[in-house]
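The structure under discussion is supplied below as structure tokens; questions concerning it will follow.
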Amino acid sequence: MNESHSNNVKVFLFEVFKEKEYTFGGEIILIDQPYQEQQLDMNGSMRKVWIFPVKLKEHSWHVPYEVIEEVEEKKDKKAKKLSNEELEKKAKLSSNKPSRRNTLSASVFIRNSYVKEIAHRKANGQCQLCKQYAPFQDKHGKPFLEIHHIDWLSSGGQDSIENAVALCPNCHRKMHIVNDYSNVVELKQIASVRSYKQGLVVRVIYQSGRRLACVPLK
Ligand SMILES: [Zn+2]
Ligand SMILES: [Zn+2]
């Protein structure tokens, strides 16, 4: 791998998205010096790994979007089962650099499931900008909020706890169209707060998936 520049040996990428299934990723080339980094292994202990900065050669095979979505969903499910402490630990130990994947249609970012889940827990069903409860429930009956990276990933923003918030679809669009500076400052402040709400202060009533009313508890 290290000498692939000079020895003319072609290097191909095979990735494991599903257990025991190898997806052919195409020919890759080394784009920077290899370096060492601390990373978590399968059992959650730190180990030193070699990182080879590579990229797919142009016109190589691309990963279908559905495969990426499926993998992300699986990771999200796992993250939901962790405690707040476990989530924070894993989120902090993960690389803040989002991984980019080329799909047939567009290049998408794979976002850290731990970071997403932490934002959802902190929001607890309530948009972190307008403070309204989610406008509808998703197919699992959970209040629907979208994860937004305050400094956009596409502009080099980090996939970290401090840079992620959960927003209602309206506010999410607003942040991508207007991106008002005062909102950015406010959201950064909110994202940096380390507190998990202890249950809802109001109960949101949904009927056929849409928000019907908010009833204060007590
Ligand atoms: Zn909102
Ligand atoms: Zn966003």
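Pull up region 164-174, narrow it to residues that are in contact with a Pro (Cβ under 9 Å, 6 or more places away or on another chain) and not hydrophobic (A, V, I, L, M, F, W, C), then point me to the one that is farthest from ligand 1 (Cβ to nearest atom).
169
Of everything in region 123-137 that's surrounded by fewer than 18 Cβ atoms within 10 Å (Cβ to Cβ) and free of Cβ contacts under 8 Å to residues at least 60 places away in the same chain, which residue is farthest from ligand 1 (Cβ to nearest atom)?
Result: 131.
Give region 129-166 a look and list any residue that's within 12 Å of ligand 2 (Cβ to nearest atom), over 14 Å from the mean Cα position of the chain (by Cα) and closer than 21 Å to residue 110 by Cα, or say none.
Within region 129-166, just 155 meets the criteria.
For residue 177, are the conditions met, namely being within 15 Å of ligand 1 (Cβ to nearest atom), free of Cβ contacts under 8 Å to residues at least 12 places away in the same chain and in the same structural domain as residue 98 (by TED's automatic domain parsing)?
For residue 177, the condition - within 15 Å of ligand 1 (Cβ to nearest atom), free of Cβ contacts under 8 Å to residues at least 12 places away in the same chain and in the same structural domain as residue 98 (by TED's automatic domain parsing) - is met.
The values are calculated or read from the model by the stated rules, or taken from the named source; none is laboratory data. Predicted, not measured: the structure shown is a model, and the values here were computed from it. Every residue, glycine as well, gets a Cβ built from its backbone with ideal geometry; the counts of neighbours run over all protein chains shown.
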